[in-house]
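Here the structure is laid out as structure tokens; the discussion comes afterwards.
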Ligand code: NAD
């Protein structure tokens with residue numbers, strides 16, 4: 001049986017990526033929606049053939065517990081709302097996928113993990129690149145030390161068109177670091193298979209102090225590892241950047257661009273990577289549905305999301321204090 005997914009929050013990512021991907025999945029399908037907008041409910045009902053009984057709003061969301069069509073709730077709301085809806089989904093007895101960043105504080109992550117554990121339900125984070133062949137190749141080359149020990153990783157991710165809640169610290173938890181810089185933290189972690197022990201960070205200049213009144217416009221940071229490896233990272237809401245590059249004892253390997261939904265390209269010191277483009281979101285959701293069905297762990301669990309939030313918080317602390325912050 002295909003598992004039923006309900007999307008919570010029908011914004012750009014849910015509408016532009018997840019719903020189309022759910023037409024290509026084999027182990028799950030779009031069974032329901034949760035939205036505050038009656039207009040969107042009507043439109044999605046028509047477009048995706050969703051029965052009235054599987055359409056919820058934020059007030060009656062908890063009654064989803066009585067709906068056997070919905071196995072998995074996928075939270076695609078602004079970052080500061082993730083914790084509340086993941087906890088409510090778990091209490092309603094549903095397995096949960098939560099978008100990145102998992103939440104805006106580590107304490108929220110702890111509550112989310114505890115709620116899912118208590119309900120006996122699985123929790124995964126929307127880390128689609130763990131199902132993308134080029135990023136998996138970086139992990140394989142790095143973690144298996146194919147080019148020897150990695151000495152340095154460069155990870156840059158920036159975009160120029162952030163608006164709305166992404167510029168509001170209360171809803172986003174921070175600026176580009178929370179939204180796109182998180183891919184750099186992830187990339188460094190899965191390429192090296194190691195955890196940073198300390199960070200330093202420096203905020204970039206605000207060329208538009210009105211737009212960036214409550215969040216950073218750009219940020220550079222460095223992560224240190226126990227074996228001497230260094231990661232140099234950058235993120236921005238005013239500069240397009242997209243790189244994941246590892247320099248090792250006997251060669252290098254890199255993706256540029258590294259993090260988009262499609263068009264990822266890879267090279268090593270031996271030549272181009274020849275790997276297929278895939279529907280990342282379809283693979284990610286199918287993997288979770290299969291994990292739920294077969295009761296095996298997800299490769300992108302809540303604990304992984306929590307560790308990233310912990311590192312992001314340390315980076316902000318380093319940025320604010322100018323000090324090296326141990327993790
Ligand atoms: P969006 O602004 O397009 O959508 C957010 C949705 O939440 C909207 O439909 C909005 O109506 C709804 N919403 C409900 N309560 C709200 C409130 N109080 N304030 C504002 N909006 C509210 O954003 P998005 O780009 O779809 O991002 C949603 C989540 O998905 C974020 O956590 C983001 O980080 C994540 N995301 C992940 C990826 C990825 O590649 N994994 C890509 C894009 C976004």
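Structure data summary
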| quantity | calculated |
| --- | --- |
| Residue match in the range 225-238 (condition: in contact with a helix residue (DSSP H, G or I) (Cβ under 8 Å, 6 or more places away or on another chain) and free of Cβ contacts under 8 Å to residues at least 40 places away in the same chain) | yes |
| Test: residue 158 is over 23 Å from the mean Cα position of the chain (by Cα) and at pLDDT 95 or above | no |
| Residue match in the range 30-40 (condition: more than 16 Å from the ligand (Cβ to nearest atom) and surrounded by 12 or more Cβ atoms within 10 Å (Cβ to Cβ)) | yes |
| Yes/no for residue 142 being in contact (Cβ under 8 Å) with a residue 24 or more places away in the chain, over 18 Å from the mean Cα position of the chain (by Cα) and outside any helix (DSSP H, G or I) | no |
| Those residues of the range 1-14 which are in contact (Cβ under 8 Å) with a residue 12 or more places away in the chain and within 8 Å of the ligand (Cβ to nearest atom), in sequence order | 9, 10, 11, 13, 14 |
| Some residue of the range 185-206 being within 19 Å of the chain's Cα centre (by Cα), surrounded by fewer than 16 Cβ atoms within 10 Å (Cβ to Cβ) and in contact (Cβ under 8 Å) with a residue 24 or more places away in the chain | yes |
| All positions within the range 49-60 that are surrounded by fewer than 18 Cβ atoms within 10 Å (Cβ to Cβ) and in a helix (DSSP H, G or I) | 52, 53 |
| Given (1) out of contact with any strand residue (DSSP E or B) (no Cβ under 9 Å at 6 or more places or on another chain); (2) within 9 Å of the ligand (Cβ to nearest atom); (3) over 22 Å from residue 22 (Cα atoms), number of the condition residue 66 does not satisfy | (2) |
| Identity of the residue in the range 225-247, within 16 Å of residue 137 (Cα to Cα) and more than 16 Å from the ligand (Cβ to nearest atom), that ends up surrounded by the most Cβ atoms within 10 Å (Cβ to Cβ) | 246 |
| Matching residues in the range 291-327 - criterion: being assigned by TED's automatic domain parsing to the domain that holds residue 103 and on the phi > 0 side of the Ramachandran plot | 295 |
| Scope the range 248-263; condition more than 19 Å from the chain's Cα centre (by Cα) and surrounded by fewer than 17 Cβ atoms within 10 Å (Cβ to Cβ); matching residues | 249, 250, 251 |
| Residue within the range 164-184 that is touching a helix residue (DSSP H, G or I) at 6+ places or on another chain (Cβ under 9 Å) and under 24 Å from residue 271 (Cβ atoms) present | no |
| Residue 173 vs. criteria surrounded by fewer than 19 Cβ atoms within 10 Å (Cβ to Cβ) and either at positive phi or within 16 Å of the ligand (Cβ to nearest atom) (or both) | no |
| In the range 264-315, the residues that are surrounded by 19 or more Cβ atoms within 10 Å (Cβ to Cβ) and in a loop (DSSP other than H, G, I, E, B) | 264, 279, 298, 300 |
| Evaluation of residue 23 against (1) out of contact with any helix residue (DSSP H, G or I) (no Cβ under 7 Å at 6 or more places or on another chain); (2) within 14 Å of the ligand (Cβ to nearest atom); (3) part of a loop (DSSP other than H, G, I, E, B) (one fails), failing number | (2) |
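The values are calculated or read from the model by the stated rules, or taken from the named source; none is laboratory data. Just so we're clear, the structure is a prediction, and the values are computed from it rather than from any experiment. No Cβ is skipped: glycine too gets one built from the backbone with ideal geometry, and neighbour counts run over all protein chains shown.
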